[in-house]
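See structure below.
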Amino acid sequence: MPVGPDGFRVPNANEGDSKNKLEWLVGPGQDEYCRTFVINEEDHTLGNALKHIIVQNPAVSFCGYTVPHPMERKIHVRIQTNKVPAVQVLRQALKELKEQNEFIRQMIKDEVKRYQEAHPEEENME
Amino acid sequence: MSTGKIVLKEFQLDQEPGSPVTSKKKKNKDKNPEEKYAGCKIEIINMDDRDLEIDFIGFHISLVNAYRRIVLAEVATMAIEKVYMYNNTSIVQDEVLAHRLGLVPLKVDPRFFEFRNKDETEWGAQDSVKYELKVKCSKKPGAAPDETDPDNLYVNRKVLSSSLKWEPLGNQTDIFQEANMQPLHQDILLAKMNSGHEIILEAYAVKGIGSDHAKFQPGLSWYRLLPEIELTREVEGEQAVLLQKCFSPGVIEIDTTPEGKKVAKVADARNDACSRNVFQYDSIKDSVKLTRKPDHVIFYIESHSALKSFEILEESVNIMIGKCDTLLAEIDKHTDTEAEK
């Protein structure tokens, strides 16, 4: 949901955004293995998909995400593990999600090609 | 495989055990993607440039929902954003007309453009498209004296989207052809005018995303789970006709047996709207089991922009990959700085 404050544009990566994309909370209940990550400028789109993948990791004892306030564009992702650093789990999950998406991208490409070859007459209609 | 179907009962939804919806731990690390996604399948049911019906089989719903959300909020398209109104003597107010112009879908392919920078004061060839609209309404000279239809009495009674003329900026003529820069539909009514009314304006289109304004949405997207209907006993005669009426057209068919008995059978549960009307009738409500398959998602995209339906889906997958990439780079940045300490 990355809309800039001035409306119609997405702030691009090399623009000096004062906020980091990824942060984590400090305080009681936060250590290397149990951590609440703050992902700025993201919402349920990434949060839910990511949570689902992290939960599948056998090293993880708990994972959940929340949107702390509907008007603030950020999510909190809580990861609790046994003996594996939480950052590593997050990293692994992101890699897994990316791999899954790349796989889907290829599958869609193949399927579109297959469909277009099977239905050439519809191509000519336009 | 027990897939944990969702059972639609009369008063509640039940979940069969072994649900893929509640995520279970997997121990399939170090496998290559082909093995890992062996049970997954993507199948296009129907596709043309505007509409797409595609089945995602074996994927978790969170992923499909992410694509839906990205299509609605994050896939970029071009739309008119700024209007310079030089003259507008029509009865449509400036701001209303400007808003209507913004909603006109354009044929311009957004992938050739960049997002406009916020401090930009010039309209650059790489991030904006210029249009001009100059229309004047006047009495039609040769109109019949007893003519009452204003469409025949006046020239330019209706201002349509076809009057938006593309004005190339910079080197845009080298890259684009006029046919690819016009509004997607030529017959969108922008305003109605009377004799003597005139509209002169300049409009600039930029690239934007749906979470900023719905005019930037490339299309619509929604999904549903595959419905399944199971007849638990034979339904015949009057009851068969009643049963057929309880479902969407084409879902239940009535066969006639050689003995002349009418027997209901499920022809195509896919098209069912899952209305649960069957539970209104005590005589037949025990004869069916209605379920939905949570790992079989029917996904729809309806494009109303320059992007074709399947291109919208491809774009949304790319955006999802982009999100992962940004975060992965961010984690690497953090771990690098920590290693330096």
If you roll a 1.4 angstrom probe over the protein chains with everything in place, what fraction of the accessible area of region B:77-216 belongs to carbon and sulfur, to the nearest %? 47 percent
Given a 1.4 Å probe and heavy atoms of the protein chains only, how would you sort A:52, B:185, largest accessible area at the top? B:185, A:52
Amide H to amide H, which residues 5 or more places from residue B:154 or on other chains are under 5 Å from it, using H placed in the peptide plane? B:140
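Enter the buried accessible area of the A/B pair, total of both sides, probe 1.4 Å, in Å² rounded to the nearest 100.
The A and B chains share an interface burying roughly 5500 Å².
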Applied in sequence order to region B:71-83, the curve 6.51 cos²θ - 1.76 cosθ + 1.60 (Karplus, θ = phi - 60°) yields integer Hz couplings, x standing for Gly and Pro, of 4, 6, 10, 10, 7, 7, 9, 9, 8, 5, 10, 10, 10
Interchain or sequence-distant (5+) residues whose placed amide H lies within less than 5 Å of the amide H of residue A:43 are none
Using a Förster distance of 35 angstrom, determine the FRET efficiency expected from the C-beta separation of residue B:117 and residue B:91, and round it to 0.05. 0.40
Residue-normalised accessible area of chain B, given per residue in Å² at a 1.4 Å probe: 51 Å²
7 Å from Cα along Cα→Cβ at both residue B:174 and residue A:119: what's the point-to-point distance in nm? 3.9 nm
Mean Cβ count within 10 Å, highest first, over the residues of peptides B:313-326, B:282-295, B:67-80: B:67-80, B:313-326, B:282-295
If each part is reduced to its alpha-carbon centroid, region A:58-126 and region B:110-177 end up apart, in Å, by 41 Å
Of the trypsin sites (Lys or Arg not before Pro) in region B:170-272, which ones lie in a loop per DSSP and count no more than 15 other C-beta atoms within 10 Å? B:233, B:261
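Is the shape of region B:77-216 best called rounded, prolate or oblate, per the rule: a/c under 1.5 gives rounded, else a/b larger than b/c gives prolate, else oblate, with a ≥ b ≥ c the square roots of the Cα gyration tensor eigenvalues?
Values: a/c = 2.38, a/b = 2.09, b/c = 1.14.
Since a/c reaches 1.5 and a/b is larger than b/c, the shape of region B:77-216 is classed as prolate.
I need the shape label for chain B. Rule: rounded when a/c is under 1.5, else prolate if a/b > b/c, else oblate, with a, b, c from the alpha carbon gyration tensor.
The shape class here is oblate.
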Estimated inter-spin distance, residue B:152 and residue B:245, nm [label 7 Å along Cα→Cβ]: 4.9 nm
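Which percent of the accessible heavy-atom area of region B:218-310 goes to carbon and sulfur, probe 1.4 angstrom?
47 percent
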With the dipole of chain B defined by +1 on each Lys or Arg Cβ and -1 on each Asp or Glu Cβ, the option from B:249, B:86, B:281 whose Cα lies farthest towards the positive pole is B:281
Keeping every protein chain present and rolling a 1.4 Å probe, give me the accessible area per residue for region A:22-118 in Å². 47 Å²
Under the rule of at least 5 residues apart or a separate chain, name every residue whose amide H is placed under 5 Å from the amide H of residue B:228. B:291, B:292, B:293
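Based on the alpha-carbon gyration tensor of the protein assembly as shown and its eigenvalue square roots a ≥ b ≥ c, which shape applies: rounded if a/c is under 1.5, prolate if not and a/b is larger than b/c, or oblate?
Cα axes put the protein assembly as shown in the oblate bin.
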Treating only Lys and Arg (+1) and Asp and Glu (-1) as charged, each at its beta carbon, one finds that region A:22-118 has a dipole about its Cα centre, in Debye to the nearest 20, of 140 debye
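The values are calculated or read from the model by the stated rules, or taken from the named source; none is laboratory data. Remember, it's a predicted structure, so these values are computed and weren't measured experimentally. Here Cβ is always computed from backbone atoms with ideal geometry, including for glycine, and neighbour counts include all displayed protein chains. Only protein heavy atoms, including side chains, enter the accessible area calculation; ligands, DNA and RNA are left aside. Shrake-Rupley method; radii C 1.70, N 1.55, O 1.52, S 1.80 Å.
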